Amino acid sequence: MPRICRIDVTAFAAVMFALVAMFLLPAMMIVDHRGAGVDLPKVGHPIPMPLALREDAPMVAVLRDGSIWFGTDRLMADQLPSKIREALSRGAERRIYLKADARARYGGVAKALNYVRASGVENVVILAEQRKLSLVAP
């Protein structure tokens, strides 16, 4: 009777599958808690805004497709003032943080900004990221 020489890799495959499921799948499930993923514009000298990172910070996001989000809710633009007033009545900060995608059309951002001001909030912070510095001299 001939001997069959082979390595049984079923246990190794099971361990690898468990590791993938444990580390990779939860990482894929992470979603921006503000409801929208936005590529912020890059600037040379942004001012740090640590209050924008708070969970209860009133955040308006304008995506590149023109959709408007308030917190985790996708809204029509005309619904924005009532949602902001509702948040203010619950004790939210009287400052709106605006995350506008770097590729969003100016008209969509201007419309969102007009609706924010229609809610009675005049203090609007437009968020941006630090531009990466290049080491090459111009």
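The values are calculated or read from the model by the stated rules, or taken from the named source; none is laboratory data. Being a predicted model, the structure only gives us computed values, none of them experimental. Areas reflect the complete protein model, heavy atoms only, side chains present, ligands, DNA and RNA absent. Shrake-Rupley method; radii C 1.70, N 1.55, O 1.52, S 1.80 Å.
Taking all protein chains as present, what is the carbon and sulfur share of the accessible area of the stretch 78-138, in % to the nearest whole number, probe 1.4 Å? Kindly include the intermediate steps, with their values, before the conclusion.
Details: 2140 of 4180 Å².
Looking at the stretch 78-138 in its full context, I get 51 percent from C and S.
To make sure I understand the rule: partners must be aspartates and glutamates, Cα under 15 Å from the Cα of Lys42, and not fewer than 8 residues away in the same chain. Which ones qualify?
Those aspartates and glutamates meeting the cut-off are Asp101, Glu129.
Within the chain, which complete DSSP H helices have Cα atoms spanning at least 15 Å along the helix axis and a mean Kyte-Doolittle hydropathy of -1.0 or higher? Let's see the in-between values first.
On the way: long enough: 10-28 (26 Å, 2.23); 106-118 (18 Å, 0.18).
Answer set is 10-28, 106-118.
Going by amide H atoms built from the backbone, whose H comes under 5 Å of the H on Ala100, apart from near neighbours?
Val62, Leu127
Scaled to the compact-protein estimate 2.2 N^0.38 Å, what is the alpha-carbon radius of gyration of the chain, rounded to two decimal places? Kindly include the intermediate steps, with their values, before the conclusion.
Details: Rg = 23.1 Å, N = 138, 2.2 N^0.38 = 14.3 Å.
Its radius of gyration relative to the 2.2 N^0.38 Å reference: 1.62.
How much accessible area per residue does the chain have, in Å², with a 1.4 Å probe?
Ligands and nucleic acids excluded, the result is 74 Å² per residue.
Would you list the P(r) distribution for the stretch 69-138, with all Cα-Cα distances sorted into 10 Å bins from 0 and each bin expressed as a whole %?
Bins of 10 Å from zero give 18, 48, 19, 9, 6, 0 percent of pairs.
Just subtract the alpha-carbon distance of Gln130 and Thr72 from 0.36 nm times their residue separation and send over the number in nm, one decimal. Could you put the intermediate results ahead of the total?
Working: separation 58, 0.36 × 58 = 20.88 nm, distance 2.48 nm.
The Gln130-Thr72 span can extend by a further 18.4 nm.
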